[in-house]
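Everything on this sheet refers to the single structure shown next.
The values are calculated or read from the model by the stated rules, or taken from the named source; none is laboratory data. These numbers were taken from a predicted model, which means no experiment stands behind them. Cβ atoms come from the backbone with ideal geometry, glycine included; neighbour counts cover every protein chain shown.
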Amino acid sequence: MTPNWNVTPTEARAEQNRLRNEVRIEPLDVDSVALVAGCDLSFDRGSDHVFAGIVTLRMPSLEVEERAGVETIARFPYIPGLLSFRESPPLLQAWSRLLTKPDALIVDGHGYAHPRRFGIACHLGLLLDLPTAGCAKSILVGSHEPVGEQPGEWKPLVDKGEVIGAAVRTRFGVMPVYVSIGNRIDLESAIALVLRCSGRTRVPETTRRAHRFVNELRLSSHDSDPADS
């Protein structure tokens, strides 16, 4: 599928409504995942200048296998609910630079837990034809009952009577993260994948390592900019 990123906000919403019917919900054998990827972006403050990165980790050690990044310009404006149209093109550029493609992807954002049930995790998962889970730090839509304090406990995230994701406790004493289906995965598998990637912080190691990587790219670029000297 060749994406069309040159769209208006109204066209982007229509595209989400159309593409959500193509998402595949199916179990994933999480134990078979040898390489898992995380992705993130770092924007220069107040601009469309962005650094996008993909980091792949070897399971189960969670050691970094490969990193790929790009420096580019985001062409779509910042509009809540349409972040995929702003962030996916730079991430796909970074993805194309990977030498070895991973078995699964965890996106720092929502998938099915989205007003139109098609967040960035669904969009990337569909474009890459890859098992993909969304793991966000805040709720975009829906609510949940209190989550137990022990790591691994979770409660359904519900919107209009439909389970759209899960509030998952990854560490004791921290806020839960919000896991949802992206593509070629079901909710139970998505939760299991995120928990297998849990590490020293609230977010999975895929997200933490990708976040650190893109910030390194941004800082390194600014350090080498003659205009800053």
For residues that are without any contact (Cβ under 8 Å) to a residue 24 or more places away in the chain and either in contact with a helix residue (DSSP H, G or I) (Cβ under 8 Å, 6 or more places away or on another chain) or outside any loop (DSSP other than H, G, I, E, B) (or both), scanning just segment 211-224, find the one that is farthest from Val168 (Cα to Cα). Asp223
Residue pairs, Cβ under 9 Å, 6 or more apart or interchain, first in segment 176-194 and over 13 Å from Arg24 (Cα atoms) and touching a residue at least 12 places away in the same chain (Cβ under 8 Å), second assigned to a strand (DSSP E or B) and charged (D, E, K, R). List them. Pro176/Lys155
Where residues in segment 153-173 are touching a Ser or Thr at 6+ places or on another chain (Cβ under 8 Å) and touching a residue at least 24 places away in the same chain (Cβ under 8 Å), which of them is farthest from Leu140 (Cα to Cα)? Arg171
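Quick check on my filter: what residues within segment 42-62 are more than 19 Å from the chain's Cα centre (by Cα) and in a strand (DSSP E or B)? Steps first, answer last, please.
Of all residues in segment 42-62, those more than 19 Å from the chain's Cα centre (by Cα) come to 44-49, 60-61.
Answer for segment 42-62, where residues must be more than 19 Å from the chain's Cα centre (by Cα) and in a strand (DSSP E or B): just His49.
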Considering (1) in contact (Cβ under 8 Å) with a residue 60 or more places away in the chain; (2) closer than 16 Å to Arg212 by Cβ; (3) charged (D, E, K, R), say which one Glu65 fails and leave the rest. (1)
Could you please give the count of residues in segment 31-41 that are under 24 Å from Ser96 (Cα atoms) and either assigned to a helix (DSSP H, G or I) or over 18 Å from the mean Cα position of the chain (by Cα) (or both)? 2
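Tally the residues that are among the hydroxyl-bearing types (Ser, Thr, Tyr), over 13 Å from the mean Cα position of the chain (by Cα) and within 30 Å of Gly161 (Cα to Cα), restricting the search to segment 77-117. Before you say what the answer is, go through the steps one by one.
Just the residues of segment 77-117 that are among the hydroxyl-bearing types (Ser, Thr, Tyr), to begin with: 78, 84, 88, 96, 100, 112.
Cutting the leftovers down to over 13 Å from the mean Cα position of the chain (by Cα) gives us 78, 96, 100.
Now restrict to residues that are within 30 Å of Gly161 (Cα to Cα): 78.
Qualifying residue count for the region: 1.
Taking segment 65-89, which residues are surrounded by 15 or more Cβ atoms within 10 Å (Cβ to Cβ) and in a strand (DSSP E or B)? Let's see the steps before the verdict.
First, pick out the residues of segment 65-89 that are surrounded by 15 or more Cβ atoms within 10 Å (Cβ to Cβ): 65-72, 74, 76, 81-89.
If the condition is that a residue be surrounded by 15 or more Cβ atoms within 10 Å (Cβ to Cβ) and in a strand (DSSP E or B), then Glu65, Glu66, Arg67, Ala68, Gly69, Val70, Glu71, Thr72 are the ones that fit.
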Boolean, Pro102 is closer than 19 Å to Asp31 by Cβ, assigned to a loop (DSSP other than H, G, I, E, B) and not basic (Lys, Arg): yes
Test: Arg208 is basic (Lys, Arg) and part of a loop (DSSP other than H, G, I, E, B): no
Do you know which residues across segment 1-20 are modelled with pLDDT of 95 or more and either of a type in the set (S, T, N, Q) or over 17 Å from Cys122 (Cβ atoms) (or both)? Thr8, Pro9, Thr10, Glu11, Gln16, Asn17
Subset of segment 27-54, residues under 25 Å from Cys197 (Cα atoms), among the charged types (D, E, K, R) and loosely packed, with under 12 Cβ neighbours inside 10 Å, comes to Asp29, Asp31
Members of segment 173-205 found to be outside any helix (DSSP H, G or I), farther than 22 Å from Phe118 by Cβ and of a type in the set (Lys, Arg), listed by number: Arg200, Arg202
